[in-house]
Each structure stands twice: as C-alpha cells, then as structure tokens.
Amino acid sequence: MAPPSSAPADAAAGPASTAASTAHQSLPKVARRHAGALARALVTPSYPATPLFAQSPRRWLRRVPYGVAVILTTILVPTSAQVLSHDYGVGGGLATLIGIAQATPLLLSVTRPLQAWWIVFLTDVACALLVLGTADLDHRVWPWPPGAIIGYLFLLLALALREPRRTLVAVWLVTGAAGLVLGMAFPEQSNGSNVVLFVLGGVVLLVAGALRERGDAQRRLAEQETISEAERAHRTLLEERARIARELHDVVAHHMSVITVQADSAPYRIGGLPADAEREFSTIAATARESLAEMRRLLGVLRSEETRDERAPQPGLRQVPQLVEATVRAGIPTTLTIADDVAGLEPLPQAVGLSAYRIVQEALANVVRHAPGAATRVAVSAEDRSALTLLVVNGPPAGAPAKPLETSGTGHGLVGMVERVRLVGGTLDTGPLPDGGFRVAARLPLTDLEETDRS
C-alpha cells in the first residue's frame, strides 16, 4: 500500500514559504529604493530659495539669520586659520583658504543651506586628510577640529530650518559615515570627535527639525482656519439670501395671485370689451399662473427639511410690539417708541414690513445674547413718508447671558441685517457706543417700492 501523500501539507506550506521568499527578495529592493531616495534628497534642495524666517512678520527676526552668519564667519575664518597653522602645521596661506572654505558658506546657508553643506562637508573631509601628514595628532582633535564642529553645527541648524526630513536624515547619515570611515581608517589619530559631531549633529537636526515642522503645522492650521472662516461667512451669506428668497415668495405669490384673479375676472367685471382685449386678459392670466407655478417649483428647491416652520404667514411692522414684549419677558428692559407719522404709512410694502420686523428681531436677539440685562430702546419713525427709520440702541450688559429671545430668527446677526437692508435699497449703520452699548440704525426707503407695489 502506498504511503500517504504529503501534497496537502506542501500545499499549505507553499503560500507561507512563497510569501517569506518574496519578502526576503523585496528587502534589497526596499533598501535600494530608500537609499536612492536619500541620495536624491542630498542633491535636491528646497525651492524656492527664500531666506530663513522670510515669512516672519517681524523685520528684526528676518534679519537674524544674516547677522548670525556674518558674526560666525567673522569669528571662524581667522580662528580656524590660526588653529590649523599653529596646532596642525598647515601653511599660513593654505590654512587661511581652508578657514574661508569652512566658514564663508555659512553666509550662503541663509538661502541655500544644502549647497553650503556640500562645500563645508567636502572641505572638512579634505582638511582632515590634509593634516594627517603635517603634524603629530596624538594630542590634537581629529578628524574634526573644534572650529569645524562649531561651524558645522550651525550649518546643520540652517538645514533643519529649511530642508525636509528626508534630507536631514541623509545629511546626518553621511556625516556619521564619513566620521566612521575616517576613524576606522586611522584609528590611532582618531580621538572621538567624529562621534561627538555625529551625536550633536543628530540632536540639532532632531530638535530644530521638530520645531520647524511644528511651526509649519501651526501656519497651515492658521491658513485653514482663515479659509474656513471665509467659507463660513460665504455660506452664512448664501443661507441668509436663501431664507430671504423663501420669505419673499409669499409676498410675490400674493401679488401674482391678485394679477391672475383680476385678469380672469376682467371680462366679467367690465362689459363690452373687444375680443382682442379679452384675449389679452386671458394671456395675462395664463402667464401669471405659469409664473406662479414656476415660483412654487423654485421654492421647493430653496426649502429643506429644516425650513418647514417657515411656512407660517410672514410678520411685519405690526408684530414689532409683540417682539418687544417677548424681549421684556426674556429679562431685557426694553421700550418701544413708534412715531405718529408711521401710522399714516399703512399699508406698508410687504417687503419693507418684513425687513423691518427681521432687523428689529435680529437686533434684539443680539442684545439678549451679547448684552444681557442691558436697557434697550427701539424707535420707529418715518421721514416725510419717503423712508422708514429703525433705531435699536442698548446699553452695556448688566448680567449673565439669558435664554435666547426666539428660535425663528436668522441667527446670522449683522449679515442678515445687511441683506435685509440691501433687499429694499436702504442703508444700515451699526457700531459700538462709548458707554459699552451698541447701536443699530436702518433706513428703508418707501417711494420706489410703493410705486412698484401700486403698479
């Protein structure tokens, strides 16, 4: 009898072994990909080459990098030249050239730190190899002299404040690799300065890079908040305009309905009309009915599930006393003054009456929200029957925030008032008062609207 087959076991082990083999084969590819990315980062500086702190609003802070670079260059050039000449036996002219090559790139680091790093790094390596044959290094700092370490650390600081994280990692690894190679190649001369620079360089890159990224994140957050605020203001404006359009539907629909009824009944009310006149009235009635139907479709687009409560009859100037009474019940001492000449304006154009009510409503609601307990005065008057004037003035707050006056207001404050006034071609004046109160004054013209309404 044949032994049992091991094919199922092999089949079960096959996918696992294949996955492990694939993972093992992909590790070199991943390593090569990351190495290539780090190599590209070393030769790809950030663009554009703006100076460090160029986005700072403070002028003195924008000048700090230049001042630091100039001071360090002025100090390090003669210092490095003297140390190389006296302690490492390098000729005076060559020592000066090396000092210049090590320090002057700090001036370039303000705008192009990666290019400056290449110059300094290659100069430091060349200097380390040069001093091997010029002096006894038993009691000397090698491969990186103290002056070179100081300049290099400031250069890494400039890099961390400008270049991305991948570039910083690549620079740090290259710095460590160069120090490791020099230390392993000449162990007798190396006294640990390569390790010191590697560790200190990593700390500088880590701390400065983290602070830079934190600053970038805060700046992006501030930009997003600005954009969100602008979008919120625009959305508020659109919502208010849509609400006004929904409210005006009732006003316009009433006029369209009157036109339809008058046009339909004209042939019966006025006897002896010519056939052409009857057809004209019939056309007017049909057009009015069609316009009314289109308005209802438009209203269906403007309405939403949240606007079902807006189907109540629209208020007007006659409801302002009720609004003031509700404000008094909310804990705001409010007085209402309506001039005698206002009564002669009745009936007001519906758009003006609705806008007047909403402006007073929003102004009183703002008093409840922002100036609880403040004494408030509401005044309504007329200017030679040509305009309706509204004035809502409150004093400084006298208590804690109270319960909102009503829930049917626009909730958009001054934006809603501006749109209401703009709707009827009026003017609005708002602003704080010296005693800590607030003033809202609106002028709603009546002449043009009355002529339009009567026509």
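Note on region 65-174: with neighbouring protein chains present and a 1.4 Å probe, carbon and sulfur make up 71 percent of its accessible heavy-atom surface.
Scalar couplings 3J(HN,Hα) for region 63-70, obtained by applying the Karplus form with A = 6.51, B = -1.76, C = 1.60 to θ = phi - 60°, are 8, 4, x, 5, x, 5, 5, 5 Hz; x denotes Gly and Pro. The phi-based Karplus calculation (6.51 cos²θ - 1.76 cosθ + 1.60; θ = phi - 60°) puts the 3J(HN,Hα) values of region 165-179 at 4, 4, 5, 5, 4, 5, 4, 5, 5, 5, 4, x, 5, 5, x Hz, whole numbers, x for Gly and Pro.
Note that region 268-280 has calculated 3J(HN,Hα) couplings of 8, 7, 10, x, x, 6, x, 4, 5, 5, 5, 5, 5 Hz, one per residue in order, obtained from phi through the Karplus relation 6.51 cos²θ - 1.76 cosθ + 1.60 (θ = phi - 60°); glycine and proline are x.
The values are calculated or read from the model by the stated rules, or taken from the named source; none is laboratory data. Here the structure is a predicted model, which means the values were calculated and not measured. Side chains are part of the model used for accessible areas, which takes the heavy atoms of the whole protein and leaves out ligands, DNA and RNA. Shrake-Rupley method; radii C 1.70, N 1.55, O 1.52, S 1.80 Å.
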